[in-house]
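The next block holds one structure in the form of C-alpha cells; read it before the comments.
Where a number appears in this text, it was derived from the coordinates with a stated rule and is not lab data. Owing to the predicted nature of the structure, the values given are computational and were not obtained by experimental measurement. So basically every Cβ, Gly included, is an ideal-geometry build from the backbone, and we count neighbours across all protein chains shown.
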Amino acid sequence: MTTKSFDKAPSTLPLMLRAALPAVPGVGSLPGVKHTSRDVPDLVLERGGVVTDPEHLQRYLEVCGFGHADAVPATYPHMSAFALHLALMTDTSFPFAPMGLVHLRNRITQHRPVTPDDVLDVSVRADDLRPHPKGRLIDLLTTVTAGGDVVWEEVTTLFSRGSGSGAETSAAPLEGVDAPSGVVHWRLGGDLGRRYGAVSGDRNPIHLHPLTAKAFGFPRNIAHGMWTKARCLAALQNRLPDAHVVDVEFKKPILLPSTVVFGYETDGDAIRFGVKAQKKSATHLVGRVTSL
C-alpha cells in the first residue's frame with residue numbers, strides 16, 4: 001500500500017479542473033489523464049494535524065442551519081476529508097473518471113463528539129469495488145483520529161453508471177426503508193450550491209449555475225447531497241446521541257431553487273428521516289440514525 005501525506009489540504013480548484021479533463025474530447029484518452037485501472041487503487045492519502053478554523057466552522061453552521069454547540073456537527077469532519085477524496089478520485093489509478101460518478105450513499109460513524117479543540121489526523125482510501133445492476137459501486141473510506149483514537153469514520157459510496165455487472169453483493173444499508181412524511185418546508189434558493197461550495201470546496205459545476213449544470217445533463221443546478229444530509233442533522237440536532245451512526249441514501253437530485261419537505265419518525269433508539277419534493281412527493285433522501 002502506497003501512502004501519500006499532505007501538510008495541508010490540497011487545493012480543490014486545480015483538482016476540479018483535473019477531474020473535468022477526462023470528459024474533454026481528445027484529452028480524456030491522453031496518458032496521465034485517462035483512468036485505465038479496473039481495480040481499487042493501492043493508495044492511502046493522509047493529512048495530519050488538522051485543526052478547526054472557527055470562522056470556517058461558523059460559516060458551515062450558518063449555511064447548513066446548525067445552532068451553536070460545544071461539538072462540531074457530525075458532518076463537519078467531512079470538510080477536512082473532501083479535498084483528499086478529490087485527490088484520490090483524480091489519480092489515474094482510480095478506476096472511474098470523477099465527473100461521471102454519482103454520490104449514492106453516505107454513512108458517518110461518530111464514536112464520540114468531535115470538538116473544535118481536537119487535533120485530527122485524516123486518512124482516506126478506496127475499497128470494495130463491486131457490481132450494481134446498472135453499473136458498479138466503489139467506497140471511499142475515511143478515518144479520523146484524535147490522540148491516536150478513532151473518533152469518526154465515513155463510507156462514501158459512489159456509483160458509476162454503465163452496463164449492469166450483476167446484483168449487489170450485499171444488501172444496501174437502507175434497503176426497504178422509506179422516507180417518512182413531514183410538514184417542515186425548506187425553501188432553497190438558486191444560490192445554495194454556490195454558498196455551500198464556497199464553504200466545502202466542492203465546486204462541481206452541477207451545483208453552481210443552471211448553464212454549467214445543463215452541460216452535464218441537468219435542467220438546473222442541484223443541491224449538494226452532503227448539504228442535504230447536514231441540513232437534516234441540523235433539524236435533529238438536539239435529538240442525536242453522542243455516539244451514533246447516520247446512514248443516508250440519495251434518491252432524486254434537488255433542483256434549485258425549490259421547496260422540499262423534511263420529516264422524521266422515532267423507532268426505539270433509531271430515528272428515520274427523509275426529504276421529499278413538495279408537490280410530487282418524490283423522495284430526495286432517506287436516512288436513519290442509530291445509537292452506537
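Data overview
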| read-out | value |
| --- | --- |
| Percent antiparallel among DSSP beta bridges (both partners in the chain, rounded to 5) | 95 |
| Relative pair counts by distance (%), Cα atoms of the chain, 5 Å bins | 1, 5, 11, 16, 19, 19, 15, 9, 4, 1, 0, 0 |
| Label-reachable residues, the stretch 201-233, where backbone N falls under 13 Å from a point 7 Å from V33's Cα toward its Cβ | none |
| Neighbour-count ranking [beta-carbon atoms within 10 angstrom, fewest first] of F262, F159 | F159, F262 |
| Ratio Rg/Rh [Cα only; Rh per Kirkwood] for the stretch 1-168 | 0.99 |
| Partner lysines for K280 [C-alpha distance under 28 Å; skip if fewer than 8 residues away on the same chain] | K134, K214, K229, K251, K252 |
| Value at 222 nm in deg cm²/dmol, rounded to 500, when DSSP H runs of n ≥ 4 in the chain each add -39,500 (n - 2.57) | -6000 deg cm²/dmol |
| Given charges at Cβ of Lys, Arg, Asp, Glu: the chain dipole, positive-most of Y196, G147, S11 | Y196 |
| Near-label residues of the stretch 44-69 by backbone N, under 12 Å of a point 7 Å along Cα→Cβ of A234 | 58-68 |
| Under 9 Å, Cβ to Cβ, from F273 - net charge with Lys/Arg +1 and Asp/Glu -1 | +1 |
| Charged-residue dipole, Cβ positions (Lys, Arg, Asp, Glu), the stretch 95-139 about Cα centre, Debye nearest 20 | 400 |
| Label-to-label distance, nm, for residues given as D42 and A167 (7 Å Cα→Cβ offset) | 3.4 |
| Approximate shape of the stretch 171-292 as ellipsoid semi-axes (Cα gyration tensor, √5λ), whole Å, largest first | 26, 15, 13 |
| Net charge dipole size for the chain [Lys, Arg +1 and Asp, Glu -1 on Cβ; Debye, nearest 20] | 1540 |
| Label-to-label distance, nm, for residues given as R194 and H56 (7 Å Cα→Cβ offset) | 2.3 |
